[in-house]
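Everything below concerns the one structure shown next.
Bear in mind that the values in this text are calculations on the coordinates, not laboratory data. The structure displayed is predicted, hence computed values, not measured ones. Cβ placement follows ideal geometry from the backbone for every residue including glycine, while neighbour counts extend to all protein chains displayed.
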């Protein structure tokens, strides 16, 4: 590692690689398509290189005009890095030093690697300073260190406020480039597997906290398992299901029941015909390809969930059943404060991991006290108003049959026992509304009712 004049170790960077990346773009602006998916402005170490790349990005994302060395030289002069003549001379030097534009991706990877090395050095220094001066306990410091190193791996860090134009150029365009590129499926929202629901929420969005609320026995767990199955088998995404109430075996039985079309009661009793054994085996074989993982820890905190997910790597969705059984990592004065802390940490986890976090929640008895309609409302969320505030999307399950005991015999006969409403009560990204569904109790399976299109999904 090089040293500075004081004898201290200097930050690592590759002058040749930075010059080669910029020079390749000056020779062939089409190289920007390859570079933009690898490096950002901050990845360059030298200020003049950051300024050059920033100008290139502005031209690339604006009018799509050819990248102009004259304009770039003028920008360098305005920032006081070079005068106009020296700026043009340096840009010509960059072009002349490029061995081959065909290797631009290799040059960009070197720039990226050096950036991560510098970030790791900076974070390591911060961890040491925190460990020496901080009075927190060891577990808090470990979580802090783990988070900082994880941020580097994810390409994120604590930044000062950024100018809007810089966010558009460096962040928004980068995301748009990814979601419209050849590997767009990796970056788009995860399909829920329920087409009518996705029309409202456009899929399970990255960094979203999604809440599924209902009264007991409405089918929260079944719906959550249906989502998990759809995410892992239809969308082909890696999903982890955390159940604080049911065992892995019970969850697996429900999933097999829904997939094989065999009543869950028969599976639990072991009363299977030869044909059902075959169907069960076929369903189990289909799950072999699914990246669906079950965790039945009965006592767990959000930081513990985050740590498990990080160790698993490449997880693309988390489902938790349910909120009321989660424990706060920090002891609070009352349960309301604990729930507020939990929901805030759930949202932070979704944002930090950049994946959807779906969590089931039990509603209060407020729905029972309403005479005209028992349909749930946001005010029915138990224990804390922070649940509604922190969630990006709130879904309610409502089955009229649940309240059929309050009806007369004639009225009860008119109620469809499988009819279900999935109410989109809050949607930070779009409209609210109601999705009509059916619930197959025998198979613990939900389906959308496609009235306008004549098919079920």
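Shape verdict for segment 14-84, please, from the Cα gyration tensor: rounded (a/c under 1.5), prolate (a/b greater than b/c) or oblate. Because a/c hits 1.5 or more and a/b fails to exceed b/c, segment 14-84 counts as oblate.
Between residue 68 and residue 287, what length comes free when the chain is fully extended (0.36 nm per residue of separation minus the Cα-Cα distance, one decimal in nm)?
Taking 0.36 nm per residue and subtracting the Cα distance, the gain is 73.4 nm.
Here the label points at residue 131 and residue 416, each 7 Å from Cα along the C-beta direction, are separated by 6.2 nm in the simple model.
Between residue 313 and residue 93, the simple label model (points 7 Å from Cα in the Cβ direction) yields a spacing of 4.1 nm. Relative contact order for segment 189-456: 26 percent, from Cα pairs under 8 Å spaced at least 6 residues apart, divided by residue count. Straightening the chain between residue 162 and residue 441 buys 95.3 nm, computed as 0.36 nm per residue apart minus the Cα-Cα spacing. The relative contact order of segment 23-92, computed from alpha carbon pairs under 8 Å that lie at least 6 residues apart in sequence, is 24 percent.
So, by mean Cβ neighbours within 10 angstrom, what's the order for 293-304, 205-216 with the highest one leading?
Details: 293-304: 15.9, 205-216: 21.8.
Result, highest mean Cβ count within 10 Å first: 205-216, 293-304.
Residue ranges 82-91, 394-403 sort as 394-403, 82-91 when ordered by packing (mean number of other C-beta atoms within 10 Å per residue, highest first). The distance between label points at residue 273 and residue 124 comes to 6.7 nm (points 7 Å beyond Cα on the Cα→Cβ vector).
In this structure, residue 48 and residue 389 have a Cβ-Cβ separation that, at R0 = 51 Å, corresponds to a calculated FRET efficiency of about 0.70. Sequence gap at least 6, Cα distance under 8 Å: using those rules, report the relative contact order of segment 15-179 to the nearest whole percent. So the answer I get is 31 percent.
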